[in-house]
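As structure tokens, the structure follows; a few thoughts come after it.
The values are calculated or read from the model by the stated rules, or taken from the named source; none is laboratory data. Owing to the predicted nature of the structure, the values given are computational and were not obtained by experimental measurement. Here the Cβ positions follow ideal geometry from the backbone for every residue, glycine too, while neighbour counts run over all protein chains shown. SASA here: full protein model, heavy atoms, side chains in, ligands and nucleic acids out. Shrake-Rupley method; radii C 1.70, N 1.55, O 1.52, S 1.80 Å.
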Amino acid sequence: RFLFSQARTIKEAIEDINFEVDELQEQEIAVCRLRIKGMACTSCSESIERALLMVPGVKKAAVGLALEEAKVHFDPNITSRDLLIEAIEDAGFGADLISYGDDVNKMHLKLEGVSSPEDTKLIQSVLETVEGVNNVEWDTSGQTVTVAYDPDVTGPRLLIQRIQDAAEPPKCFNASLYSPPKQREVERHHEIMSYRNQFLWSCLFSVPVFLFAMVLPMLPPSGDWLFYKIYNNMTVGMLLRWLLCSPVQFIIGWRFYVGAYHALKRGYSNMDVLVALGTNAAYFYSVYIIVKALTSDTFEGQDLFETSSMLVSFILLGKYLEVVAKGKTSDALSKLTELAPETAVLLTLEKDGSVISEVEISTQLLQRNDFIKIVPGEKVPVDGVVIKGQSHVNESMITGEARPIAKKPGDKVIGGTVNDNGFIIVKATHVGSETALSQIVQLVEAAQLARAPVQRLADKISRFFVPTVVVAAFLTWLGWFIPGQLHLYPQQWIPKAMDSFELALQFGISVLVVACPCALGLATPTAVMVATGKGASLGVLIKGGNALEK
């Protein structure tokens, strides 16, 4: 809006000197942050970005793979948050709103004494009439209300007071600050447990398959029973491997089929497509071997069931390690927010500066222009200005400067820093999301969304990665199949009881299988995320992957 007012001023200045200006297109830009669910690799983040940019009114979209977030700049007159979420869901992913525009100044209140719809309407109308309140959202199921407000005009204590004053005797309303459970942490914990459990179930089936295929046959006579023939040339080992591999392929590995389907439906390919192709090629080739063994008493082919089952297990292990690493990074950011103290001593002052009363309240209840008492050894709760007293404040958590800084009336203090040796009274100037500490957290989150130059290169490569691998696998098969048919290489190269087609197919499958883990797209964003989060918790602010790369 500031830019639009500037543009209007420029337009008027040009018209004052008798020149015409075409109609000024005023365009309001809103920003929202969305949490994305179900991203597997860089191709996923690329496809979500493309889907968002195709929505009318979207000016800019950045999707962070490691952070699992999207930041979208859009024109609210053309599109809405719901349309953005719908576009992401159409692309085969889940999306939840984190924040929208200016609703960083939000508070959640738990209400008591509200017993009827009339009470709800009364409280909502009372809150909406308070100057500075932008939005009121009611959750009747949990008796909680979320209020978005302008900290320059109002604050949490005033709003709580208004709710309590709204009750007419004998009714009594009570409101208290409420911290909703962090959905992201709950989801992340659920995701970690889900991958862990899937990996363990996969191992339960895959390890015996591996033992029956690779270990026991090498240890006669303990593995001889695996070669007992059930029917024609089908052995006990083949049947056991088939039975154990099938749940891994189609039940535990179902997530890869779902991911591949959504990717192909949108006309792109991702890591799930490669996993599904590689494991299915190995599995169905093995089924073909079993059918041949059942129908022939001379055929001696080698199945690849251990390849498909172990591959699914390894990829699930990789996914599990990846979500654990992401969880540790978000821990580093939450530690930053915890640097501010939980409580503060609020003073009520006379006009001459003498103290009338003091009360200990939650730091979240502090408002702009409040007076706070800080004794030696205490942390400064919010950003402010010293109005009385002298002290030294340890600001090393912000500046890295080990020596305490002298503070006298008129000097600024920063929330989260430690008051060393003197008694001071501070007037709050920045509270909530406006404090330096909150700005640092926002800066680190923004840095994690930004792409490093090398990641842009990796993203370009990964766009063509899967199609290239599929083409390479097909050419490998063709490169062995045609010479085999034309007898261009010695026949002894072909293993016993196998033909040239099967030999060529094994080489083609090998290319698909080896190319499966798309580390190229995952390595850089994960490294940037871990480095920026860990750095922030140690007092080093890294402004994204660009700085790290340099």
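Counting charges near residue 167 (Lys, Arg +1; Asp, Glu -1) among other residues having Cβ under 15 Å from its Cβ returns a value of -2.
Spacing of the modelled spin labels on residue 21 and residue 412, each 7 Å from Cα toward Cβ, amounts to 3.3 nm. Averaging sequence separations of C-alpha pairs under 8 Å and six or more residues apart, then dividing by the length of the chain, give the relative contact order as a whole percent. Taking the mean separation of contacting Cα pairs over the length of the chain, I get 13 percent. Shown for the chain: the carbon plus sulfur share of the solvent-accessible area, taken with all protein chains present and a 1.4 angstrom probe, equals 59%.
Between residue 369 and residue 385, the modelled labels are 1.3 nm apart [label points 7 Å from Cα along Cα→Cβ]. The solvent-accessible area of residue 11, taken with every protein chain present and a 1.4 Å probe, is close to 60 Å². Surface exposure of the chain, expressed per residue as accessible area with a 1.4 Å probe, stands at 52 Å². Shape verdict for region 106-177, please, from the Cα gyration tensor: rounded (a/c under 1.5), prolate (a/b greater than b/c) or oblate. Prolate shape, in that a/c is at least 1.5 and a/b is the bigger ratio. Within region 28-100, the proportion of Cα pairs with more than 16 Å between them is 36 percent. Net charge in the neighbourhood of residue 341 (other residues with Cβ under 14 Å of its Cβ; Lys, Arg +1, Asp, Glu -1) is -3. Only protein heavy atoms count here; under a 1.4 Å probe, residue 73 has an accessible surface of about 50 Å². In the structure shown, the pairs 59/319; 335/379; 335/407; 37/319 are assessed against 24 Å; a Cα-Cα span above that value is assigned to 59/319; 335/407.
Extension gain, residue 14-residue 421: 0.36 nm per intervening residue step, less the Cα-Cα distance, totals 140.6 nm. For percent of Cα pairs over 42 Å apart, computed directly from the structure shown, the correct entry in (i) 23; (ii) 32; (iii) 42 is (iii).
Under 25 °C and 0.890 mPa s, how fast does region 182-339 diffuse according to Stokes-Einstein, given a Kirkwood radius computed over C-alpha pairs? Answer in µm²/s, whole number. The calculation lands on 139 µm²/s. Relative to the dominant Cα principal axis of the chain, helix 305-337 is inclined by about 10°.
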